[in-house]
Amino acid sequence: MTNQASLKVQSRDGRGKGAARQLRRAGAIPGNVYGREVEPVAVAADQLEFAALVSAISVENTIVELSVDDGAPRRVLIREIQRHPVRSEYLHVDFFEIRAGEKLNVNVPLHLVGTPIGVRNGGVLQQVRHEIEIECLPSEIPPSFEVDISGLEIGDSLHIGDIDLGGVELLDEPERTICLVAAPRVVEVEEEEDLEGLLEEEEAEPEVITARGDDEEEEGED
């Protein structure tokens, strides 16, 4: 996924649920642009264009060049997206405008690279964390962190503190586990115990669920 993108939006005047519903029926998504020392702006984005953007980027850490009414692009991060719980439709989006020289808190995806030795020997790879939180300047935001896991044996684990962050500041706890290679689960059945179980089943009497003589009438039947 790319770490650079652009989007054109239009400013909007209408506020409230009624105006938002009208925008959605027209194929647009209501949204807001805000930031530190930035006057909030209500905007509307095209539903299809926004969906294409989201599918092509890493939403958490991609800087978007946002043009409002064809004005000068604003550098923003997508901070919140609301989706319809059933339909494939976006309901609302918030853009956070950033400034040069101002550090940001962002989540960056973790991409595991390689096949662990332990997996080749029958182990099972379990990924616990899929992203980490860092603080850095906008120009330093990495698209992802690649984590080499090829050397992990069965029983080995990799932690956040093991990643080379390239100078950005880590906000997550270093001791948190990213992934581990677990031993395969083996279910052993002793032949002697299995045989005893079969003998017990053969000797056991069948359970009687309902017993009634042929000459007895069931109460309540007409």
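Collect residues whose amide H, placed 1.01 Å from N in the peptide plane, falls under 5 Å from the amide H of H159; neighbours closer than 5 in sequence don't count.
It is I178, by chain and number.
For the stretch 55-62, just list the computed ³J(HN,Hα) in residue order, Karplus coefficients 6.51, -1.76 and 1.60, θ = phi - 60°, integers in Hz, with x standing in for Gly and Pro.
Karplus-based 3J(HN,Hα) across the stretch 55-62 equals 6, 9, 10, 8, 4, 5, 9, 9 Hz.
List every residue whose amide H lies under 5 Å from the amide H of R74, counting only residues 5 or more places away in sequence or on a different chain, with H placed 1.01 Å from N in the peptide plane.
When sequence neighbours closer than 5 places are left aside, the close amide H contacts are L66, S67, V68.
Run the accessible area of the stretch 98-154 with a 1.4 Å probe and give the carbon-and-sulfur part as a rounded percent.
46 percent
According to the square roots a ≥ b ≥ c of the eigenvalues of the Cα gyration tensor, what is the shape class of the stretch 71-127, taking rounded for a/c under 1.5, prolate for a/b larger than b/c otherwise, and oblate for the remainder?
In terms of gyration-tensor shape, oblate.
Once phi is turned into ³J(HN,Hα) by the Karplus curve 6.51 cos²θ - 1.76 cosθ + 1.60 with θ = phi - 60°, what whole-Hz value does each residue of the stretch 112-124 show in order, with x for glycine and proline?
Coupling constants for the stretch 112-124: 7, 10, x, 10, x, 4, x, 5, 4, 9, x, x, 10 Hz.
Whole angstrom only: what separates the Cα centroid of the stretch 39-69 from the Cα centroid of the stretch 135-156?
Cα centres, the stretch 39-69 to the stretch 135-156: 26 Å.
R75 versus R87, label points 7 Å from Cα toward the beta carbon: distance in nm?
3.7 nm
Report the FRET efficiency, 1/(1 + (r/R0)^6), for Q4 and R185, where r is their Cβ-Cβ distance and R0 is 35 Å, rounded to 0.05.
Calculated transfer efficiency: 0.20.
Tell me, what HN-Hα J-couplings in whole Hz come from the Karplus equation 6.51 cos²θ - 1.76 cosθ + 1.60 at θ = phi - 60° for each residue of the stretch 11-26, using x for Gly and Pro?
For the stretch 11-26, the Karplus-derived couplings read 5, 9, 9, x, 10, x, 5, x, 5, 5, 5, 4, 4, 5, 5, 8 Hz, x marking Gly and Pro.
What does the extension gain come out to for R176 and A100, with contour length at 0.36 nm per residue minus their alpha carbon separation?
24.2 nm
Starting from the Cα gyration tensor of the stretch 8-73, take the square roots of the eigenvalues, sort them a ≥ b ≥ c, and report rounded, prolate or oblate (rounded when a/c is under 1.5, otherwise prolate if a/b is larger than b/c, else oblate).
Since a/c reaches 1.5 but b/c is at least a/b, the shape of the stretch 8-73 is classed as oblate.
The values are calculated or read from the model by the stated rules, or taken from the named source; none is laboratory data. Owing to the predicted nature of the structure, the values given are computational and were not obtained by experimental measurement. A quick note on method: Cβ atoms are made from the backbone with ideal geometry, for glycine too, and the neighbour counts reach across all protein chains shown. When the accessible area is computed, the model is the full protein with side chains, heavy atoms only, and any ligands, DNA or RNA have been set aside. Shrake-Rupley method; radii C 1.70, N 1.55, O 1.52, S 1.80 Å.
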